[in-house]
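Only one structure is covered here, and it is reproduced in the block below.
The values are calculated or read from the model by the stated rules, or taken from the named source; none is laboratory data. What you see is a predicted model; the values in this text were computed from it and never measured. Quick reminder, even Gly has a Cβ in these numbers, built from the backbone with ideal geometry, and neighbours come from all protein chains shown. Ligands, DNA and RNA are stripped out before the accessible areas are found, and what is left, the full protein with its side chains, is counted by its heavy atoms. Shrake-Rupley method; radii C 1.70, N 1.55, O 1.52, S 1.80 Å.
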Amino acid sequence: MKLKILPTHLREKKRYLAFQAISEIPLERDDVISLILGASGDLYGAYGTSKLGLWVVKFWKYPLSENNRVNGIIRCNRDEINSARAVIPTITRFKGKRVVFQTLGISGTIKGAITNFIKLKTADE
Amino acid sequence: MALHAQKLGYDGTALVLNSKDYKDKSAIIKAVQSIKNNLHHDCPFQIKVGLEIQARNPADLKKQVQKYRDKVDVILVHGGDLKINRAATEEPRIDILCHPYRNRYDGGINHVLAVKAAENKVSIEINLKYFLLTRPNQRYRVLSQFRQIVKLQRKYKFPLIITSDADSVYDLRHPQDIIALASCFGMTNDEVIHSLSSVPHDIINRNKIRKQIILPGVRLFNNGDPGS
């Protein structure tokens, strides 16, 4: 049986970080998740990472762009937004190749993050 | 890379050369000019030329500073050795002392050097690339070195500058990310903004009027008025 969903006041309050990444080799969604959680583990350890509540919720690939650009949205806890943001720039290498992550902005909703920072339509054109 | 930096919201970069590469300067300046033409013209983006001096000993350092001071915009010193750190902080003609903590276990500067750096307005550099490219199991050491420098900075008020030391787009970070990262070694938001924007600005402004300064505190004006 599926658990009943928590009432709103008991749910974790969250924020959404829009990011873009460029790398020398193409990135998949699973790679991004393991990179971010690995970097967080290196910076804060298991205890600190457990408080951040990091997860990659959305992910877009632009295979035609130069430098294998990807965009995405990361979810994190509202109270730990600054420490979650500090994890993003510490990612430097993936399988021995260079990769860089840059945050575009912070939003309270996924929709807001897409319209304000990812800008799907302009990116497709 | 400069185009990318502009997208991230930076106002300018300093192109830092090694003293060995200095002879190819004319080719590099041509490349800089072509980049400048490609930039968007509506917002000003500055590219300054800097030189990183790698000195073997303090006497060599003084000689090289004398040689290059008038030729480039910013003078940096490759720190790490205690004697070089000491000589660099005592030299008012130097702008930035790079990574005094390089290959060391302590911060590389103590209270004596901090006082000297504050007197001579030599900026101490916090090098993000050095932190990010250190192996994860060694990063604690770099963080504690940065924390020690920040602690000395609060007490002695020498200028502190945060640099990316980028040689490709893979080293550039968003300014807000840097602020978040700097909170890991105990800097507040205002301190980071100060060291990212005001300190480089001061260095550039100071170097513009450097030729007019005769003695510390005395400045020569073109129209013959005695400056003070």
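Assess whether A:Leu3 counts as being in contact with a helix residue (DSSP H, G or I) (Cβ under 8 Å, 6 or more places away or on another chain), surrounded by fewer than 19 Cβ atoms within 10 Å (Cβ to Cβ) and without any contact (Cβ under 8 Å) to a residue 24 or more places away in the chain.
Criteria not met by A:Leu3.
Could you tell me whether any residue of segment A:6-16 is open to solvent by less than 70 Å² (accessible area, probe 1.4 Å), under 15 Å from the mean Cα position of the chain (by Cα) and closer than 21 Å to A:Phe94 by Cβ?
So far as segment A:6-16 goes, no, none of its residues is open to solvent by less than 70 Å² (accessible area, probe 1.4 Å), under 15 Å from the mean Cα position of the chain (by Cα) and closer than 21 Å to A:Phe94 by Cβ.
Would you say B:Phe158 is buried (at least 18 other Cβ atoms within 10 Å of the Cβ) and under 12 Å from B:Phe185 (Cβ atoms)?
For B:Phe158, the condition - buried (at least 18 other Cβ atoms within 10 Å of the Cβ) and under 12 Å from B:Phe185 (Cβ atoms) - is not met.
How many of the residues in segment B:60-101 are open to solvent by less than 60 Å² (accessible area, probe 1.4 Å) and not hydrophobic (A, V, I, L, M, F, W, C)?
14
Would a scan of segment B:215-227 turn up a residue that is under 27 Å from A:Ala84 (Cβ atoms), without any contact (Cβ under 8 Å) to a residue 12 or more places away in the chain and of a type in the set (Asp, Glu)?
So far as segment B:215-227 goes, no, none of its residues is under 27 Å from A:Ala84 (Cβ atoms), without any contact (Cβ under 8 Å) to a residue 12 or more places away in the chain and of a type in the set (Asp, Glu).
Can you pull out the strands (runs of 3 or more DSSP E) entirely within segment A:46-111 that have at least 2 residues that are closer than 18 Å to B:Ala180 by Cβ, more than 9 Å from chain B (Cβ to nearest Cβ) and open to solvent by 20 Å² or more (accessible area, probe 1.4 Å)?
Strands (runs of 3 or more DSSP E) meeting the threshold: A:69-77.
Condition check: touching a strand residue (DSSP E or B) at 6+ places or on another chain (Cβ under 8 Å), open to solvent by 20 Å² or more (accessible area, probe 1.4 Å) and of a type outside the set (A, V, I, L, M, F, W, C). Does B:Arg104 satisfy that?
It is false that B:Arg104 is touching a strand residue (DSSP E or B) at 6+ places or on another chain (Cβ under 8 Å), open to solvent by 20 Å² or more (accessible area, probe 1.4 Å) and of a type outside the set (A, V, I, L, M, F, W, C).
If you take the residues in segment B:159-182 that are part of a loop (DSSP other than H, G, I, E, B) and at negative phi, which one is farthest from the other protein chains (Cβ to nearest Cβ)?
B:Pro159
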